[in-house]
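Worksheet for the structure shown next.
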Amino acid sequence: MTHDARPALLHAALEAADRGWHVFPLRPGTKRPALHGEAACPRTGACTDGHRKWEQRATIDPDRIRAAWSRAPFNVGIATGPSGLLVVDLDMPKTTSSKGSSDAPCGAAIFRALCERAGHRVPDTYRTRTASGGQHLHFTAPSGVRLSNTAGTIGELVDTRAWGGYVVAAGSTTPTGTYEALSAPEAASTPAWLLSILQPAPRAVRAPSGPVTAQSGSYADSALDNETRNVASAQLGAREAALFRAARALGRLIAWGDLPRHTVEQALQEAGEATGLTAAECRSTLRSALNWSIAHNQVKRDAA
Ligand SMILES: [Zn+2]
């Protein structure tokens, strides 16, 4: 590469900082932080009083940004926590298997389906296209709530980045492509329905009164109905993925005690078999997806 990529990357870093997003350098052409890790800390400079990781060193100071990006064509990392951002990361299906990968839905399609199910449009907010063809939806996080990263909590191939996470900013380039802004309005605030998935109300806070229990019950029942319908109406080639997604979504409700496992298993087993999947295929997909979802959501609740 003969031309100097530094001015364009500096511009990208300054533009992000201008939005109030805290940036730090990523190794040129990669998604990896350029700053040293704790094991290699020299205990000098920024780390004189102890190691400071990228999340603490990320900045919106234009002078520090100019100084850093004058040294090398660093890609731009945005530390989502200090930036007050919640970024929804919509990934592409892995193409490791030669068979069956082409009809797997991408994260964007899964997220769109989730929005529809929640009765909302896909939120209009600052959005980038990632080097691999995925998307990052940037939302402002509510103040007073410390969200952390999630993987698969919202849906298959739908992750989130908040405290402890970062995203690659528009303008950065890797060997697979360039990150670009698809729409450039401000980041919208995190939709309440999304927040309720990421931050489920602690059960202890729920009043033990009739109406609340009834509401939670009817929500669980309608989720079960919807998921069962989704599976039953899945097209050839998407049946197993639909079953998998439904089991992951409902597994959360099992973990929270809103639905009994045998009820979910029976409903999805019947819906899966009705699409033409064999009983054994349904059972094995259901077992792994439910186990994953229940374990995942239990860990999350214990940590909360
Ligand atoms: Zn250090």
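Could you please let me know if Ala170 is assigned by TED's automatic domain parsing to the domain that holds Arg32, surrounded by 15 or more Cβ atoms within 10 Å (Cβ to Cβ), in a loop (DSSP other than H, G, I, E, B) and in contact with an Asp or Glu (Cβ under 7 Å, 6 or more places away or on another chain)?
When the stated conditions are applied, Ala170 passes them.
Please find, among Arg43, Arg32, Arg57, Arg19, the residue that is within 23 Å of the chain's Cα centre (by Cα), more than 22 Å from Ala151 (Cβ to Cβ) and of a type outside the set (Asp, Glu).
The unique qualifying residue is Arg19.
Here are the criteria: (1) at negative phi; (2) assigned to a loop (DSSP other than H, G, I, E, B); (3) out of contact with any Leu (no Cβ under 9 Å at 6 or more places or on another chain). Tell me which single one Glu15 does not satisfy.
Of everything listed in (1) at negative phi; (2) assigned to a loop (DSSP other than H, G, I, E, B); (3) out of contact with any Leu (no Cβ under 9 Å at 6 or more places or on another chain), Glu15 misses just condition (2).
Arg127 is checked against (1) over 21 Å from Ala249 (Cβ atoms); (2) charged (D, E, K, R); (3) exposed (fewer than 14 other Cβ atoms within 10 Å of the Cβ) and fails just one. What number does that condition carry?
The number of the failed condition is (3).
Just checking, how many residues over segment 137-167 are of a type in the set (D, E, K, R) and assigned to a loop (DSSP other than H, G, I, E, B)?
Residues flagged as of a type in the set (D, E, K, R) and assigned to a loop (DSSP other than H, G, I, E, B) within segment 137-167 amount to 2.
Among the residues of segment 74-100, write down those that are among the acidic types (Asp, Glu) and at pLDDT below 95.
Asp91
If Gly144 passes every condition in (1) in contact (Cβ under 8 Å) with a residue 12 or more places away in the chain; (2) under 20 Å from Gly81 (Cα atoms) but one, which one does it miss?
Single failed check for Gly144: (1).
Considering Arg71, Arg66, which residue is modelled with pLDDT of 95 or more, part of a helix (DSSP H, G or I) and more than 16 Å from the ligand (Cβ to nearest atom)?
After applying the criteria, what remains is Arg66.
Could you say which residue among Gly177, Gly133, Gly155, Gly144 is farther than 18 Å from Ala17 by Cβ, surrounded by fewer than 17 Cβ atoms within 10 Å (Cβ to Cβ) and within 16 Å of the chain's Cα centre (by Cα)?
It is Gly133.
Of everything in segment 8-53 that's closer than 25 Å to Thr178 by Cα and within 10 Å of the ligand (Cβ to nearest atom), which residue is surrounded by the most Cβ atoms within 10 Å (Cβ to Cβ)?
Residue satisfying both the conditions and the ranking: Leu35.
Regarding segment 165-177, can at least one residue be identified that is hydrophobic (A, V, I, L, M, F, W, C) and closer than 16 Å to Cys115 by Cβ?
no
The values are calculated or read from the model by the stated rules, or taken from the named source; none is laboratory data. For clarity, every value in this text was computed on a predicted model and none was experimentally measured. FYI the Cβ positions are ideal-geometry reconstructions off the backbone, even for glycines, and counts take in every protein chain you see.
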